[in-house]
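K.L.:
One structure coming up, written as structure tokens, with questions to follow.
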Amino acid sequence: HDLESLDDIPYNDKNKMRELKKALLRLLIGVFCLEGIKFPFSFLVTFIINNRYNFAIPGFNRIIQLIAHDELNTHVPTTRHLFAIFRTEEEQGFTEFFGSDGFFWKELDALIKLTVESEIEWAHYLFDNKDVKGITTDSSEYFIKWRANFLYQMLGVTENPYKDYVPNADTDFFETTRNINKQNTASQEADLLTYQKGQLKNDWEKFDKDEQQQWE
């Protein structure tokens, strides 16, 4: 809210600029948690249910693999890289927030913990007193905390509340399943992807015609 209500950047107001920089860091940390913890848990649930129920949702595995590749191989590392730039390049104006006990680390800790708590609460809603093959509240909680540890480790924080959550069978399944280079595409999934590409192509042609008519 601090950022979206901003009409002009108050470069000459040092105090205001400092608060806006903190708001930007808070936003980026939130995105880091969204794409690094919340999204992977939803990917895991889809992968496991599809795997244990004979691919009951045709086409979803391949689509989720592509989305997961984008999120976890591009978006999350990009945000980490931004943090590295802000932490080390003084001309960016953010280094003061990255001291050993600085704003960034406190906010990171608070937002990761909040994300973990909310996802575990969601897992309870999904799986408590329900018989779902291959996944439980306990296994979900372990996976969520493993992802939290993973994000901490990405930023060099080896001592963190989730450091004991190391890879296990579920995390290995997740990493293998999301790896688009190790998977073959089932025929029904290939058909679904082809159909979608065709639809997109047709949509773009329609858009081009509409644009041309407007200019004419």
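K.L.:
Do the conditions hold for residue 106, that is, is it loosely packed, with under 14 Cβ neighbours inside 10 Å, outside any loop (DSSP other than H, G, I, E, B) and charged (D, E, K, R)?
P.N.:
Details: loosely packed, with under 14 Cβ neighbours inside 10 Å: yes; outside any loop (DSSP other than H, G, I, E, B): yes; charged (D, E, K, R): yes.
It is true that residue 106 is loosely packed, with under 14 Cβ neighbours inside 10 Å, outside any loop (DSSP other than H, G, I, E, B) and charged (D, E, K, R).
K.L.:
Sticking with this one: Residues being of a type in the set (Asp, Glu) and in contact with a helix residue (DSSP H, G or I) (Cβ under 6 Å, 6 or more places away or on another chain): count how many of those fall in region 29-85. Show your work before the answer.
P.N.:
Of region 29-85, the ones of a type in the set (Asp, Glu) are 35, 70-71.
Those still in the list that are in contact with a helix residue (DSSP H, G or I) (Cβ under 6 Å, 6 or more places away or on another chain) too: 35, 71.
The qualifying residues number 2.
K.L.:
Criterion first (in contact (Cβ under 8 Å) with a residue 60 or more places away in the chain, open to solvent by less than 100 Å² (accessible area, probe 1.4 Å) and either of a type in the set (Asp, Glu) or within 18 Å of residue 18 (Cβ to Cβ) (or both)) does residue 119 satisfy it?
P.N.:
yes
K.L.:
Take residue 184 and decide whether it is among the polar types (S, T, N, Q), over 30 Å from residue 102 (Cα atoms) and at pLDDT below 95. Working first, answer last.
P.N.:
Values: among the polar types (S, T, N, Q): yes; over 30 Å from residue 102 (Cα atoms): yes; at pLDDT below 95: yes.
In short, yes.
K.L.:
With the checklist (1) among the small types (Gly, Ala, Ser); (2) surrounded by 16 or more Cβ atoms within 10 Å (Cβ to Cβ); (3) under 23 Å from residue 166 (Cβ atoms) in hand, flag the one item residue 42 doesn't pass.
P.N.:
(2)
K.L.:
Within region 74-95, restricting attention to residues that are free of Cβ contacts under 8 Å to residues at least 40 places away in the same chain and of a type in the set (D, E, K, R), which residue is surrounded by the most Cβ atoms within 10 Å (Cβ to Cβ)?
P.N.:
If we take residues in region 74-95 being free of Cβ contacts under 8 Å to residues at least 40 places away in the same chain and of a type in the set (D, E, K, R), then 87 is surrounded by the most Cβ atoms within 10 Å (Cβ to Cβ).
K.L.:
Please count how many residues of region 45-61 are farther than 18 Å from residue 126 by Cα and buried (at least 19 other Cβ atoms within 10 Å of the Cβ).
P.N.:
Going through region 45-61 one residue at a time, the tally reaches 2.
K.L.:
Sort through 207, 143, 150 and tell me the only one that's at pLDDT 95 or above and open to solvent by 80 Å² or more (accessible area, probe 1.4 Å). Can you show your working first?
P.N.:
Values: 207 fails: at pLDDT 95 or above; 143 fails: open to solvent by 80 Å² or more (accessible area, probe 1.4 Å).
Exactly one residue qualifies, and that residue is 150.
K.L.:
Could you grab me the full set of residues in region 3-17 that are closer than 18 Å to residue 92 by Cβ and touching a helix residue (DSSP H, G or I) at 6+ places or on another chain (Cβ under 8 Å)?
P.N.:
If the condition is that a residue be closer than 18 Å to residue 92 by Cβ and touching a helix residue (DSSP H, G or I) at 6+ places or on another chain (Cβ under 8 Å), then 3, 9, 10, 11 are the ones that fit.
K.L.:
I'd like the full set of residues that are of a type in the set (Val, Ile, Thr) and not in a helix (DSSP H, G or I), limited to region 125-155. Reasoning before the result, please.
P.N.:
First, pick out the residues of region 125-155 that are of a type in the set (Val, Ile, Thr): 132, 135-137, 144.
If the condition is that a residue be of a type in the set (Val, Ile, Thr) and not in a helix (DSSP H, G or I), then 132, 135, 136 are the ones that fit.
K.L.:
Does any residue of region 102-118 turn out to be at pLDDT 95 or above and farther than 20 Å from residue 145 by Cα? Step through it out loud before you land on a result.
P.N.:
So the first thing to find is which residues in region 102-118 are at pLDDT 95 or above, and the list is 103-118.
Okay, now just the ones that are also farther than 20 Å from residue 145 by Cα, so 103-104.
Checked region 102-118: at least one residue is at pLDDT 95 or above and farther than 20 Å from residue 145 by Cα.
The values are calculated or read from the model by the stated rules, or taken from the named source; none is laboratory data. Everything numeric in this text was worked out from a predicted model, so none of it was measured. Glycine also receives a Cβ, built like all others from the backbone with ideal geometry; neighbour counts cover every protein chain displayed. Each accessible area value is taken on the protein alone, full model and side chains, heavy atoms only, with ligands, DNA and RNA left out. Shrake-Rupley method; radii C 1.70, N 1.55, O 1.52, S 1.80 Å.
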